[in-house]
1. Ordered by packing density, taken as the mean number of other Cβ atoms within 10 Å over each peptide's residues, highest first, how do 285-293, 328-336, 245-253 rank?
2. Let a ≥ b ≥ c be the square roots of the eigenvalues of the Cα gyration tensor of segment 69-212; is it rounded (a/c under 1.5), or, if not, prolate (a/b larger than b/c) or oblate?
3. Rank by packing, highest mean first: peptides 191-202, 168-179, with packing defined as the count of other Cβ atoms within 10 Å averaged across residues.
4. Tell me the per residue accessible area of segment 95-211 using a 1.4 Å probe; a whole number in Å² is fine.
5. Quick one: compute a quarter of the convex hull surface over the Cα atoms of segment 23-86 and quote it in nm².
6. Of Pro123, Leu150, Ile111, which is farthest on the positive side of the dipole of segment 110-167, counting Cα position, with +1 on Lys and Arg Cβ, -1 on Asp and Glu Cβ, and the Cα centre as origin?
7. Using the Cβ atoms and a cut-off under 14 Å, what net charge is assigned to the surroundings of Val25, where Lys and Arg are +1 and Asp and Glu are -1?
8. With an 8 Å Cα cut-off and a minimum separation of 6 or more residues, compute the relative contact order for segment 43-131 in percent.
Amino acid sequence: MKAFKRDSLAVKMLWASGSYGMIMVLRFCSSVIIARLLAPELVGVMVIVNSVRMGVELLTDVGIEQNIVRSKRGDEREFFNTAWTIQVLRGVLLTALFSSISPLISKVYGIDSRIFFFISAAPLITGLGSTSIFLLVKNLRVRERNVFELKVELLNFFIAITIIFIWPTIWSLVAATLSSLAIRAGLSYSLPHPKHRFCLDRSSMNEIVSFGKWTMATSLVSFSAANLDKIYLGTVVSLSIMGVFGIARSISDLPGTLASRIGYQVIFPAAAASGKANSELSRLRLLLVCVAAVAIGTVVNWADLAINTLYGSNYKDGGKILQILLFGAWFSVLSSFSEATLLGRGRAAAITFANIFRLLGMLVTIPVGFSLYGLTGALYGIVASEFLRFVALAIFEIAAAGVTDLVISIAATALMAVTITTWTFLRTV
């Protein structure tokens, strides 16, 4: 029973994965409903717009959350409020920048500049939120963090679907995006936190910027690597294809996002607290990757049928796209756990270098793949780049803590291969 004490890592993992599992269901249902209500072209527009938005939001990212979580001063009033002040000022700056370049971006993609202009308010809305949620992560209050996330997601789901049902145009997607950010920012002040006030304490700023320089580099490289496919494909394929690709991509991103969530809420703070190899962390990681291997292997085999049934004929090609992307998702899961462990051990630079490796791979594999084999070639380019990221992180982990985690990853990959083979056999008999 020791492994299931109230404060054990296993229980925290169950909270993180269980709540996000419900969030995944809500997002999946939302994507199905949106696909049924709107044409693929409109979905494609928002795939491009949100990719650009995320890129802008990661500019000047000094890792407010990471700083509060890892710093011994993270819950001190001066440090906490300095972090919040930097977050607000950054939001103002980025919104001003985004709105000013909206006409230029709209010409590149042939999308109404008003859409980019209204979405440019996103960094400001996000920046006005409370940093109190980061204290929950710091103190490993996983249950409270995930209850909050689930409440926000439920509210956003019903509001977004209502808006889109009543007003099925591209502007309903814009309104839904901004309202979801506003709801999250507003509700974040309901969490316990020191009283917010504007503050720029010099020593706190120095610490945030010192650690944040690697976080900024990591964020920029990670964004580029995670969204380069959308940004590139948006210039070479139709908006309709982008809509289908966007649906498949959003589904394939779920395993990696869940792994990242568990990693940053459980593995990262636990590794930061211990500062060294931890047998409980290794056992937890083995359990997680084995579950992921079976789940992803199963979905690979049934993705084509599921997409065609749920999304309809307009999105039928999404099944084949999803099947390929899920192989990249597998390496993303493995990489997410590696990143959380390395970050907890203070090796943020390793994560940056690994994502640079991934980005360089994408710059070559996606355009070359597309030029040779069209969209299918580009998809395999995405998978190859995720594999390169995994290899780079594995090398850093071996240097930091030996081969244990690599052995776990290889064993889980074999399990996924067995799962795929088994389901393939069962579908053919």
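1. So the peptides 285-293, 328-336, 245-253, ranked by packing, come out 328-336, 245-253, 285-293.
2. The shape class here is oblate.
3. 168-179, 191-202
4. Ligands and nucleic acids excluded, the result is 49 Å² per residue.
5. Averaging across all directions leaves 6.3 nm² for the Cα convex hull.
6. Leu150
7. -1
8. 34
The values are calculated or read from the model by the stated rules, or taken from the named source; none is laboratory data. Please read these numbers as outputs of a predicted model, since none were measured by experiment. Using ideal geometry, Cβ is built from the backbone for each residue, glycine included, and neighbour counts are taken over all protein chains shown. Just so you know, the surface numbers come from the protein's heavy atoms only, side chains and all, with ligands and any DNA or RNA stripped out. Shrake-Rupley method; radii C 1.70, N 1.55, O 1.52, S 1.80 Å.
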